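*Asks:* Once you've had a glance at the structure underneath, I'll fire off some questions.
Derivation of every value follows stated rules applied to the coordinates shown; laboratory data play no part. Computed from a predicted structure; not experimentally measured. Don't worry about glycine lacking a Cβ; one is built from the backbone with ideal geometry, like all the others, and counts go over all protein chains shown.
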Amino acid sequence: MLVIGLGRFGAATAGQLDRQDREVLVIEIDQMLVQKWADRVTHAVQADARSMEALEQIGASQFQVAVVATGASIESSVLIAANLVDLGIPQIWAKAISSSHGKILERIGVHHVIYPEREAGERVAHLLSGAMLDFIQFDNNYVIAKMHPPRSVRGMKLSESGVRTRYHVTVVGVKSPGEPFTHATQDTVVSPHDTIIVSGTAENVERFATIG
């Protein structure tokens, strides 16, 4: 994995990849940050990724996946991404700080554009009601949420509670205290102390989380 930039987003990405025992090469222009991360990832190199020559010397074209984690300067981000596209890297992920920034990245050939600040803000907004424990949006209107089961579905089989027909959501997983998550079926009985994973549209999942 190639990670360019060691700001908060880049450092978090590189750190998690390292914890997953992935081989990571980090490119950062700030020598202090390179020294700080030298022992935390497989390789950390001081270089200016805006320079195609620098990327070629490092062997960036040999990587299958690259993450452009820089974002403070849109110009730098776009130039780095364009270099990676020209190198033919199969999977390029890039952080965007605005919709216009993201559109530019998409147009030059970035495969996955990430909006970490916006996505974090949207997730927090959904959690503020207190009804959900976690919330992940996968598409414009498809989400998966973790929550405690509403009272109206406790103590009965999912088929009897009418989760799908009445609330238009699907319970996909159930976790009892001290047990791992298990796949939910129509015969699964949800108890008051369980945690459930629910999928559906954002509107339906939020409504389901707040019913009595």
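*Asks:* Got a sec? How would 75, 160 order by Cβ neighbour count within 10 Å, fewest to most?
*Replies:* Values: 75 8, 160 12.
Fewest-to-most Cβ neighbours within 10 Å comes out as 75, 160.
*Asks:* Tell me, what is the percent relative contact order of the chain, built from C-alpha pairs under 8 Å that lie six or more residues apart? Before the final figure, lay out the partial values.
*Replies:* Working: 389 pairs, mean separation 28.3, N = 212.
Computed over the chain, the figure is 13 percent.
*Asks:* Also, quick follow-up: Quick one: plug the Kirkwood hydrodynamic radius of segment 62-123 (C-alpha pairs) into Stokes-Einstein at 25 °C, 0.890 mPa s, and report D in µm²/s. It would help to have the intermediate numbers written out before the result.
*Replies:* On the way: Rh = 11.5 Å.
D, rounded to a whole number, is 213 µm²/s.
*Asks:* Rounded, prolate or oblate: which fits the chain, taking a ≥ b ≥ c as square roots of the Cα gyration tensor eigenvalues, rounded meaning a/c under 1.5, else prolate when a/b beats b/c?
*Replies:* Here the chain falls in the prolate category.
*Asks:* Sticking with this structure for a sec: Let me understand segment 120-209 better: what is its radius of gyration from the alpha carbons, and its Dmax, in angstrom?
*Replies:* 12.4, 37
*Asks:* If you line up the Cα atoms of segment 2-114 on their principal axes, what length do they span on each, largest first, in Å?
*Replies:* 36, 26, 25
*Asks:* Then there's this: If amide hydrogens are placed 1.01 Å from N in the peptide plane, which non-local residues have theirs closer than 5 Å to the one on residue 172?
*Replies:* When sequence neighbours closer than 5 places are left aside, the close amide H contacts are 197, 198, 199.
*Asks:* Same structure, new question: For segment 1-105, calculate the relative contact order in percent as a whole number, restricting contacts to Cα pairs under 8 Å that are 6 or more residues apart.
*Replies:* Details: 177 pairs, mean separation 26.9, N = 105.
Across segment 1-105, relative contact order equals 26 percent.
*Asks:* Further question: Within segment 27-57, which GluC sites (Glu not before Pro) sit in a loop by DSSP and count at most 16 neighbouring Cβ atoms inside 10 Å?
*Replies:* Numbers: sites: 28, 53, 56; in loops: none.
Within segment 27-57, no GluC sites (Glu not before Pro) qualify (loop, at most 16 other Cβ atoms within 10 Å).
*Asks:* Classify segment 1-63 from the C-alpha gyration tensor, please: rounded if a/c falls under 1.5, else prolate or oblate depending on whether a/b exceeds b/c. Please list the in-between numbers first.
*Replies:* Values: a/c = 1.89, a/b = 1.32, b/c = 1.43.
Here segment 1-63 falls in the oblate category.
*Asks:* Could you work out the helix-only [θ] at 222 nm for the chain, with each DSSP H run of four or more residues adding -39,500 (n - 2.57) and the total divided by the number of residues, to the nearest 500 deg cm²/dmol? Could you put the intermediate results ahead of the total?
*Replies:* Details: 9 runs with 79 residues, N = 212.
Using -39500 (n - 2.57) per qualifying helix, the result is -10500 deg cm²/dmol.
*Asks:* Next question. Under 8 Å for C-alpha pairs, at least 6 residues apart: give me the relative contact order for segment 120-209, rounded to a whole percent. Write down the numbers at each step before the final one.
*Replies:* Working: 165 pairs, mean separation 29.8, N = 90.
Relative contact order here is 33 percent.
*Asks:* Here is a further query. Calculate, for residue 51 and residue 8, the FRET efficiency according to 1/(1 + (r/R0)^6) with r their C-beta to C-beta distance and R0 25 Å; round to the nearest 0.05.
*Replies:* Values: r = 24 Å, r/R0 = 0.96.
That pair, residue 51 with residue 8, gives E of 0.55.
*Asks:* Follow-up. Give me the three principal axis extents of segment 168-212 from the C-alpha atoms, as integers in angstrom, largest value leading.
*Replies:* 30, 19, 16
*Asks:* Would you grab the residues whose amide H sits under 5 Å from the one on residue 194? Only those 5+ places off in sequence or on another chain, please, with H modelled 1.01 Å from N.
*Replies:* Long-range HN contacts for residue 194: none found.
*Asks:* Compute the FRET efficiency between residue 160 and residue 134 as 1/(1 + (r/R0)^6), taking r as their Cβ-Cβ distance and R0 = 22 Å, and round to the nearest 0.05. Intermediate results must be reported in sequence, preceding the final value.
*Replies:* Working: r = 26 Å, r/R0 = 1.20.
Calculated value: 0.25.
*Asks:* Shifting gears a bit: With +1 on each Lys and Arg Cβ and -1 on each Asp and Glu Cβ, how big is the dipole of segment 57-212 about its Cα centre, in debye rounded to the nearest 20?
*Replies:* Details: 13 positive and 14 negative charges, 75 e Å.
Charge dipole, segment 57-212, about its Cα centre: 360 debye, nearest 20.
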